[in-house]
1. Mind checking which residues of segment 38-72 are part of a strand (DSSP E or B) and touching an Asp or Glu at 6+ places or on another chain (Cβ under 9 Å)?
2. Give all pairs with beta carbons closer than 9 Å in which a residue from segment 10-38 that is over 30 Å from Ala52 (Cα atoms) and not assigned by TED's automatic domain parsing to the domain that holds Ala57 meets a residue that is modelled with pLDDT of 95 or more and surrounded by 10 or more Cβ atoms within 10 Å (Cβ to Cβ); count only pairs at least 6 apart in sequence or on separate chains.
3. Is it true that Ala88 is at pLDDT below 90 and assigned to a strand (DSSP E or B)?
4. Given the options Ala53, Ala14, Ala44, name the one that is of a type outside the set (Lys, Arg) and over 30 Å from Gly68 (Cα atoms).
5. Find the residue count for segment 7-61, including only residues that are within 16 Å of Gln82 (Cα to Cα) and exposed (fewer than 10 other Cβ atoms within 10 Å of the Cβ).
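The values are calculated or read from the model by the stated rules, or taken from the named source; none is laboratory data. Predicted, not measured: the structure shown is a model, and the values here were computed from it. Please note: Cβ atoms are built from the backbone with ideal geometry, for glycine as well, and neighbour counts cover all protein chains shown.
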Amino acid sequence: MLRWLRILVTSLAAVMGIGVLAIVGLLWLRLSEAPLPELPDQIALPEGAKPAAVTFAHDWIVVVTEAGEVLLYDKQGQLKDQASAPVAAP
């Protein structure tokens, strides 16, 4: 009986160790991806603007700059609309 319990505890510890390694591996793979997608080459941002967020939709692309500007582009890269958004102070 004691031998069987020792084998059971050892095998459960081994399975738990393999599970922890699998979770760490999955987290490492998922979190090492690029945070923002690359902007297409045909989109030209205004001088000095740095993208803070990019959204790709079916027929347009929205870029939010670090200064709080919201830029709406079509798929060909033409600027269609521009708006200002409030920016929270750091």
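1. Of the residues in segment 38-72, the ones part of a strand (DSSP E or B) are 51-56, 60-65, 69-72.
Across segment 38-72, the qualifying residues are Pro51, Ala52, Val54, Trp60, Ile61, Val63, Val70, Leu71, Leu72.
2. none
3. Working: at pLDDT below 90: yes; assigned to a strand (DSSP E or B): no.
No.
4. Details: Ala53 fails: over 30 Å from Gly68 (Cα atoms); Ala44 fails: over 30 Å from Gly68 (Cα atoms).
Answer to the check: Ala14.
5. Going through segment 7-61 one residue at a time, the tally reaches 3.
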